[in-house]
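There's a structure below that I have some questions on.
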Amino acid sequence: MAAWLRRRPGGPLYDRTFGDRALAEGCQDMVMGRWEGARELLSKRPRDDWDRRAHRIRLLADAAANRRTVDVWQASEPGNPDAAVLRAETEVMRMFAHARNGTLPARDSLDRVARLCLQASDLAPDDPYPFVSLVTLGRLYEDGDPNMAHWWKELQARDPYHREGHHQALRYLAARWHGSNAAAYNFAWDAAAYAPTGSPLVALPQVARAEEYRHSTESDGRTAIGLTYHWTGERARWDLRTSLEKWIALRTTAYAQDVADLNHLAHGLVHAGMHEQAGAVFTLLDNRATKVPWSYSGDAESLFTHWRDKTRT
């Protein structure tokens, strides 16, 4: 089995590329110090396929974060917009790696990375991704980024329904970072209401609900028992029905990160007791799993397998 795939006998398939084999090869090249594959991959996309480009940039940057590969690429081709955009996102990943060690990066370090994002935007003025990087980076400022409203406006001017951009903005607004549960829900509900028919943004309230659950159990001291109605309340069920009716029933395009969004939807459905509908979503998933949000409720692989089997029999 290829290195980017993992599956135990009878278990779910974990593939961070979601079936994008060219991306998997590009990530392997990055780890091995070769940047030519990433250059070819990022240059061949349709210029308006921001969704798949975002997925590729994010995973390539993650692969590059512990290497100097992308730094060498940009130094070799300083005028290449793809190299600049990927380098900026890689530096954002490095800032988050620093934060995971227990301390937030210094403000001057964050400002340096923000400047790299803006320089990338200068080289790629139509590309929304440098502003996705800025919205992501904003979470690491101790009191939030005062430029966030401006970055969000610039992102939306380039792609008003950018999937990754909305997910990063939701995290910024969540209680775990610089907002509140109410702010996250309001943002998610607005995004779902105005999203085009068939857009996975309709499922954004499922992400907000999962993030609230995680924050409540990890930080607020609430137990799963105390959150019994978190998943089964009328608003939760209304959001789930909306996702099914406005996204799943009318889904004609497979977005690059559909597997992640379908996992969020399946997770919400099983916790709401909507098992028949969950079974249909598991069929769409075809055994493709993500750790999040299943890990918020226990052992991710065991929970996915349990509900996959229970709802599809």
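The values are calculated or read from the model by the stated rules, or taken from the named source; none is laboratory data. Because the structure is predicted, anything quoted here is derived from the model rather than measured. Side chains included, ligands, DNA and RNA excluded: accessible areas come from the protein's heavy atoms. Shrake-Rupley method; radii C 1.70, N 1.55, O 1.52, S 1.80 Å.
With springs only between Cα atoms under 10 Å, which of G33, G165, G102 fluctuates most in a Gaussian network model of the chain?
Result for the chain, Cα springs under 10 Å: G102 fluctuates most.
Using the heavy atoms of the protein chains alone and a 1.4 angstrom probe, what is the accessible area of the chain per residue in square angstrom?
Here the per-residue accessible area is 46 Å².
Could you state the number of Å between the C-alpha centres of segment 61-79 and segment 127-200?
With segment 127-200 and segment 61-79 each reduced to a Cα centre, they are spaced 26 Å.
Most fluctuating residue of A97, A266, A169 in a GNM of the chain with Cα springs under 10 Å: which is it?
Residue with maximal mean-square fluctuation among A97, A266, A169: A97.
Let me ask something additional. Using a 10 angstrom cutoff on alpha carbons, build the Gaussian network for the chain and name the most mobile of H178, H150, H55.
H150
Same structure, new question: I'd like the projected area of the chain, averaged over all directions, using the convex hull of its alpha carbons. Report it in nm² with one decimal.
Across all orientations, the chain yields a mean hull projection of 15.9 nm².
Further question: First check a/c for segment 126-265, with a ≥ b ≥ c the square roots of the eigenvalues of its C-alpha gyration tensor; if it is under 1.5, answer rounded, and if not, answer prolate when a/b is larger than b/c or oblate otherwise.
The shape class here is oblate.
Could you tell me the accessible area of S219 in Å² (1.4 Å probe, neighbours in place), rounded to the nearest ten?
Number for this one is 80 Å².
Assuming a ≥ b ≥ c are the square roots of the Cα gyration tensor eigenvalues, decide whether segment 73-161 counts as rounded (a/c under 1.5), prolate (otherwise, with a/b larger than b/c) or oblate.
Oblate.
Next up: Rounded to the nearest percent, how much of the accessible area of segment 142-265 (1.4 Å probe, protein heavy atoms only) is carbon and sulfur? Kindly include the intermediate steps, with their values, before the conclusion.
Numbers: 2890 of 5710 Å².
Reported share for carbon and sulfur atoms: 51 percent.
Run lengths n ≥ 4 of DSSP H only: what is the helix-derived mean residue ellipticity at 222 nm for the chain, with -39500 (n - 2.57) per run over all residues, to the nearest 500?
It lands at -18500 deg cm²/dmol.
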